[in-house]
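Novice: Quick one: the structure is below, and I'll ask about it shortly.
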Amino acid sequence: MNALLVTALLLSGADSLTATRVAGLGLKAPSGWTTSDATDGKSWEAPGNEAQMELTVYPVDPKRPAQECLDQLLEKLGKEGWDTLVIGAAPAVRKVTTDYVGAADAGKSDANKVSTVTYVGCNGATKWVLTMSSNSTKSGRFGAVLKAIVGSISYPK
């Protein structure tokens, strides 16, 4: 019960989600964020540039078994550091990386530490990559947002 209350509080205001489709892939995305359309996807930016999210979706041609498709994607991306998942009833993977941004003399501190979470999935007919980056000090807020977004993903029928 507490987890539901925390998630509801974290998703209030600018982070409330609304249903959308990107190249046929269904998901709930932040309705209060600035959006930009791209050829194969869409990007979102949180108010105050606190987080950025990008989704790219491609058709799989020729169609193939979902796990084979994902394995081929991982061959290109490198197999290290991915956690295996199921998203939208199809195989997927997740990777979290951290880095420091800014000039080298800025040092490494929480102020310039950035977390990037990347999800990759494929159902054999549609493949996609979702990436969200934010300052690590905001990971509680944006982690909850991303979890809700990923949990809402559905493939085209």
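The values are calculated or read from the model by the stated rules, or taken from the named source; none is laboratory data. Treat the numbers as computed from the prediction; the structure is a model and nothing was measured. No Cβ is skipped: glycine too gets one built from the backbone with ideal geometry, and neighbour counts run over all protein chains shown. Only protein heavy atoms, including side chains, enter the accessible area calculation; ligands, DNA and RNA are left aside. Shrake-Rupley method; radii C 1.70, N 1.55, O 1.52, S 1.80 Å.
Novice: Looking only at region 133-148, which residues are under 11 Å from A51 (Cα atoms), open to solvent by less than 60 Å² (accessible area, probe 1.4 Å) and assigned to a helix (DSSP H, G or I)?
Specialist: Across region 133-148, the qualifying residues are S136, F142, G143, V145, L146.
Novice: All but one of (1) open to solvent by 60 Å² or more (accessible area, probe 1.4 Å); (2) assigned to a strand (DSSP E or B) hold for K79, so report the exception by its number.
Specialist: Condition (2) is where K79 drops out.
Novice: Restricting attention to region 41-52, does a residue exist that is surrounded by 18 or more Cβ atoms within 10 Å (Cβ to Cβ) and either in contact with a helix residue (DSSP H, G or I) (Cβ under 6 Å, 6 or more places away or on another chain) or among the aliphatic types (A, V, I, L, M) (or both)?
Specialist: Scanning region 41-52 turns up at least one residue that is surrounded by 18 or more Cβ atoms within 10 Å (Cβ to Cβ) and either in contact with a helix residue (DSSP H, G or I) (Cβ under 6 Å, 6 or more places away or on another chain) or among the aliphatic types (A, V, I, L, M) (or both).
Novice: Take the residues in region 41-60 that are assigned to a loop (DSSP other than H, G, I, E, B) and modelled with pLDDT of 95 or more; name whichever of them is nearest to L146 (Cα to Cα).
Specialist: A46
Novice: For region 25-40, name all the residues that are of a type in the set (D, E, K, R) and either surrounded by 13 or more Cβ atoms within 10 Å (Cβ to Cβ) or assigned to a loop (DSSP other than H, G, I, E, B) (or both).
Specialist: K28, D40
Novice: Checking T116 against (1) crowded, with 18+ Cβ neighbours inside 10 Å; (2) more than 14 Å from L25 (Cα to Cα); (3) β-branched (V, I, T), only one condition comes out false. Which one?
Specialist: Evaluating T116 over (1) crowded, with 18+ Cβ neighbours inside 10 Å; (2) more than 14 Å from L25 (Cα to Cα); (3) β-branched (V, I, T) leaves (1) as the failure.
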